[in-house]
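These notes concern the structure reproduced below.
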Amino acid sequence: MAQYLNQQNNPVRRGGSIPSHIVINRDRKSADRRLFYDYFAENPRYNDQMFRRRFRMGRSLFLRIVEKVEARDNYFMQRRDSVGRLGLSALQKITAVFRMLAYGCPADATDEYIKIGESTTIESLKRFCRAVVEEFVGEYLRSPNATDVARLLRIGKDRGFPGMLGSLDCMHWKWKNCPTSWAGQYAGRSGSPTIIVEAVADYDLWIWHAYFGLSGTNNDINVSEASHLFSNLTQGIAPPAHYVIQGK
C-alpha cells in the first residue's frame, strides 16, 4: 500500500518534451536512407511504374511538389534537434502525407515504414495542404485569361466543338466518415451522405474551377446557382475573346 501511494504521489517522469509521452527511438536516419534508396536514388529499388502506383503520380512531379512545399514552409526542412540529431526529412514527411491522401490510411499507420509519429504526420498533412494551395492556386486553379480563352476556343474548334471553353459537370462523392450529426444534411436520394462537386476541366485535365461542400439535396442546376462560376459573367466581366458569327 505504501509503495502504491508513493507511486501515485511521485509519478514516473518520461523523457519526452511533453509530460507522460513515451520516447521511442525510431531510428529516423535509417528510415530516411531506406526511403531514399527505395524510390529516389539514381537506380531506385522500385521502378517508375511502382512509384506511380504507390504515390499516384510520377517521380518528377512528386519531387517538384516537395521542392515547392519545402521552400514555401520551412517546417518541412530537415533540421537538427537540441542534441544535434537530424530530424525528419522533407521526403519522409511528404511521403507520409501522400500515403494518407492516396490510400486513406490513419496517421499512425505511416510510422511502421517511415518512422514518423502520429501527431507529426497530422501536422505535416495540414501544413502540406496549406502550402500546396498557397503555392499552386494562382497557376492551376484560376479562371482562364485572354491567352487561355483563345487557346481553349481553338482546341474546341479543332475537335468539333466551336465556342467550347471546357466541360462543366457535377458529381457526388460518398462521404464515408461524415459526422453522424451532419449525415441528414448531406444525405441525398442514395440515402448515404455525399458531397457534390462542381468542376470545369479542359481536354488535358486542367481543372480551372472547383466548387464543393454545399449541403442538402442538390443537382447540377442549384449547385451552379450557388457557385461563383458565372458571377463575373452576370456582371459583364470576362476575358476578351474574338469570334465570328455568320461571317462577321
Within segment 208-225, which residues are of a type in the set (A, V, I, L, M) and surrounded by fewer than 13 Cβ atoms within 10 Å (Cβ to Cβ)? Ile221
Please return the ranges of helices (runs of 4 or more DSSP H) entirely within segment 117-215 where 1 or more residues are under 29 Å from Glu67 (Cβ atoms). 118-136, 146-158
Residue pairs meeting the criteria (Cβ under 8 Å; at least 6 apart or on separate chains; first without any contact (Cβ under 8 Å) to a residue 40 or more places away in the chain, in segment 48-68; second assigned to a helix (DSSP H, G or I) and exposed (fewer than 13 other Cβ atoms within 10 Å of the Cβ)): Gly58/Asp48; Arg59/Asp48
Here's a check for you: in segment 53-66, which residue that is closer than 14 Å to Thr95 by Cβ and charged (D, E, K, R) is surrounded by the fewest Cβ atoms within 10 Å (Cβ to Cβ)? Arg56
Please list, ordered by first then second residue, the pairs with beta carbon atoms under 6 Å, 6 or more apart or interchain, first in segment 146-172 and in the same structural domain as Val197 (by TED's automatic domain parsing) and under 20 Å from Glu198 (Cβ atoms), second of a type in the set (Asp, Glu) and part of a loop (DSSP other than H, G, I, E, B). Leu152/Asp202; Gly166/Asp202
Does Leu205 meet the test of being within 25 Å of the chain's Cα centre (by Cα), surrounded by 15 or more Cβ atoms within 10 Å (Cβ to Cβ) and at pLDDT below 85? no
Does segment 79-112 hold any residues that are surrounded by 14 or more Cβ atoms within 10 Å (Cβ to Cβ), closer than 20 Å to Val23 by Cβ and not small (Gly, Ala, Ser), and which are they? Leu88, Gln92, Lys93, Thr110, Asp111
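The rows are residues; the columns are (1) out of contact with any Lys or Arg (no Cβ under 6 Å at 6 or more places or on another chain); (2) hydroxyl-bearing (Ser, Thr, Tyr).
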residue: Ile122; (1), (2): yes, no
residue: Glu135; (1), (2): no, no
residue: Glu198; (1), (2): yes, no
residue: Tyr203; (1), (2): yes, yes
residue: Trp206; (1), (2): yes, no
residue: Gly213; (1), (2): yes, no
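The values are calculated or read from the model by the stated rules, or taken from the named source; none is laboratory data. All values reported here derive from a predicted model rather than from experimental measurement. Neighbour counts are summed over all protein chains in view; Cβ atoms, including those assigned to glycine, are modelled from backbone coordinates with ideal geometry.
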